[in-house]
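The next block holds one structure in the form of structure tokens; read it before the comments.
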Amino acid sequence: MHYCINCRKEIKEDWDSCPFCGTPNVLSGEQAESDSKQKDSLDKRESDSGTIDPGTGIYGLDYDNLPSGTLIDGKYRIEEKLGKGGFGTVYKVWYEHLSKWRAIKIISREFYDDKEVIHELKSEADKHDSVNHPNVVRFYDVHLDGEIKYFDMEYIDGGDLVDLKLSYPGKRVPEERVREIALQIADGMIAIHQKNIIHKDIKPQNILLTKDGTVKIADFGIAEKFRNSRSRLKLASRAGTPAYMSPEHLIGEDVGRETDIWSFGVMMYELLTGKQLYNGESQSDVLMQIKERSFHSHSSISESWNRMLEKCLQYKYEDRFRNFGEVLSFVNTPFKPSKKKRLKKPVVKKDQPQKRNVAIFIVMILLALGGISSFLLFKSGVGKTAVSETSSVESETGLRDKVERVPVPNLRGLTIEQARSRISNAGLVVGQTTERRDNDNIGKVISSSPSSGELNRGSRIDLVVGIAGDYTSSTGIDMIFVEGGTFQMGNPSGGASDERPVHSVTLSDFYIGKHEVTQKEYQAVMGSNPSNFKGDNLPVERVSWFNAVEFCNKLSEREGLTPVYSINGDTSLNVWSRGTLVADWTANGYRLPTETEWEYAARGGNKSKGFTYSGSNSIDDVAWYGDNSGSKTHPVGTKRANELGLYDMSGNVWEWCWDWYGEYSSRAKTNPRGPANGSSAVLRGGSWVSHVNLCRVANRVRSVRSVTYSSIGFRVARTRL
């Protein structure tokens, strides 16, 4: 055995390349000697301490201080360290497969053997991934099964609220800017709370800003979840940030949405005044401060903001805003200015006293002469200057007090981020966002209300945004939207031994083909038809795993999507012998389903009724198999569909999956993609020639990826982005 020259993982000498990062396998005398020294060093450390030093990774890599240029899993190249938190270190990385900046959070080595922490990390990552909102930092992928455990996240190109605060004199952010930020935070927190997630660590450092000013909420739902486990690791003091924690959080009582509202109020106070409301270093210090001095109106803050803060910062959570919908509604109401503008007295010119004296003298003469009418004429003329100036000031003040009207922008067809930016630039705010299934406008605004005319500045616009649903591709392939969920994979009794142990798997949303790929569809994309049984609507067969992967990429390119598969960056896949095939799981193109996706879909997803076969306990209702096929394939979709509307998941032709074949483990998994390497790929579903037992949804078989039989075909899938 020796080690990859790039990722330093142990690999076999006869492998052409490293299966973990794709680096060509090199074994020179110098390399062999280096490998031996590395292994001896590791053996010595392990024999001395019984374990790898905390914070130190495989073969001396310090995960908390990785140098620039380090390549992680063959695709993430470290650019710079962004910061370190309680559970790991965040790096800015260049994602080489997509040529984009990303952020990855590498989990600290000290937690690798803590099963509770790893389990909770997986659970919270899944929850984070479930929140798809423009004001929440997006999770793209989770890697917790390999030697290096990390999250792949959205990279935010701006700073945080601490940086924003420091950019203003006295660290006081103008009220109107705070209002813009508060509206976005409230909107994002509504989405988070709708997923039954409580942040528990809202503070300026966890509210990020893009360069265009968009708020991004980060790091939610982790610290509090792990408080017990971290206490065991003597890290309990990091379970929250005391200065922003609610009284019930500090005491250790059960917390709800109101705890986030308290933290939000403390943070808004800090932005408005430039000072922390509570500044104790320990939880007990802060709790004492809260008890000794409840929030009272601050003289430098407007009446409206004082009322909002007072509502957020009630000691009893029952007296606060009950949810961020109430916060959003309050902040949406036009705020009163911080100070009333007094009417300025008219400026009296220097020569006015002299003119006034002359006027009085003339009046006395006129009165003496009995010229009352002349006096009245004078009063209507000479005294006019001061009166007109006062009226002018009152008129201008009235104009300033009028609410400004602004035009409603056209938002149809914009992405949600573009729409929010345009609404903000117009002086308006985003109201309620409703989702509607519309695959032609996924992530785009379908309609807005109102959609035209004028509104008072600060008014809200409600949006309807398109989300994923079933669709038919331009090539004619019907795709079914599968809502993600958690299921028990495997067979608890009976069947083959490789169907056990049963284990919990959690999957994100995805699409999968309604039918197996037909010969007509394959011919249209590939320009050939290798099938033994001919017919446009028959499933294509005699296709290898490599043929299926190539079809997916060509179909993606045909429909203007980003191909999923590449070899050394080449998506044409014409260089099979020159590198390792890799999959980009963030690409929007077509791909093979993973084995877990296939079984979840075959079982009926979250609509499953627990059938033995896909859609029924009676195989003849749903499958063409050995006893009823007449020794041939049949047109797709001629048997009954399963709970999701999928056909032929049992029988007709075997279907290739992406995964290498491997044994199950009892560990719960999230979006697994199979072993890192192997000798054969997974086939599922049974075929026209199969025994009834092989058509069960839990059954697994394997084959080398190059075989082409008349009983093997495939169906396509897509990641829902």
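The values are calculated or read from the model by the stated rules, or taken from the named source; none is laboratory data. Every value quoted in this text rests on a predicted model; they were computed, and no experiment measured them. Glycine also receives a Cβ, built like all others from the backbone with ideal geometry; neighbour counts cover every protein chain displayed.
Summary of computed values
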quantity	calculated
Any helices (runs of 4 or more DSSP H) falling wholly within the range 249-326 and containing at least 1 residues that are of a type in the set (Gly, Ala, Ser), under 22 Å from Ile185 (Cβ atoms) and within 27 Å of the chain's Cα centre (by Cα)	257-273
Spans of strands (runs of 3 or more DSSP E) in the range 428-505 with at least 2 residues of a type in the set (D, E, K, R)	429-437, 460-467
Among the residues listed as Leu592, Leu581, the single one being modelled with pLDDT under 95 and touching a strand residue (DSSP E or B) at 6+ places or on another chain (Cβ under 6 Å)	Leu581
Among (1) surrounded by fewer than 13 Cβ atoms within 10 Å (Cβ to Cβ); (2) touching a residue at least 24 places away in the same chain (Cβ under 8 Å); (3) not β-branched (Val, Ile, Thr) - the single one Asn425 does not satisfy	(2)
Hey, Val266 crowded, with 20+ Cβ neighbours inside 10 Å and either touching a Gly at 6+ places or on another chain (Cβ under 9 Å) or without any contact (Cβ under 8 Å) to a residue 40 or more places away in the chain (or both) or not	no
Among the residues listed as Arg640, Arg603, Arg667, the single one being in the same structural domain as Gly713 (by TED's automatic domain parsing) and touching a Ser or Thr at 6+ places or on another chain (Cβ under 8 Å)	Arg603
Residue in the range 490-524 that is nearest to Gly605 (Cα to Cα), counting only those that are surrounded by fewer than 20 Cβ atoms within 10 Å (Cβ to Cβ) and of a type in the set (A, V, I, L, M, F, W, C)	Val502
Answer from Asn547, Asn553 - the residue that is out of contact with any helix residue (DSSP H, G or I) (no Cβ under 9 Å at 6 or more places or on another chain) and outside any loop (DSSP other than H, G, I, E, B)	Asn553
Selection status of Met189, buried (at least 19 other Cβ atoms within 10 Å of the Cβ), modelled with pLDDT of 85 or more and in contact with a helix residue (DSSP H, G or I) (Cβ under 8 Å, 6 or more places away or on another chain)	yes
Hey, Val582 crowded, with 17+ Cβ neighbours inside 10 Å and over 30 Å from Val622 (Cβ atoms) or not	yes
Pairs with Cβ under 9 Å, 6+ apart, first in the range 611-636 and in the same structural domain as Pro492 (by TED's automatic domain parsing), second in a strand (DSSP E or B)	none
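Quick grid of which residues meet (1) in contact with a Lys or Arg (Cβ under 6 Å, 6 or more places away or on another chain); (2) among the basic types (Lys, Arg); (3) more than 24 Å from Ser508 (Cα to Cα); (4) surrounded by 14 or more Cβ atoms within 10 Å (Cβ to Cβ):
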position: Glu417; (1), (2), (3), (4): no, no, no, yes
position: Ser421; (1), (2), (3), (4): no, no, yes, yes
position: Val430; (1), (2), (3), (4): yes, no, yes, yes
position: Asp438; (1), (2), (3), (4): no, no, no, yes
position: Gly453; (1), (2), (3), (4): no, no, yes, no
position: Asp478; (1), (2), (3), (4): yes, no, no, yes
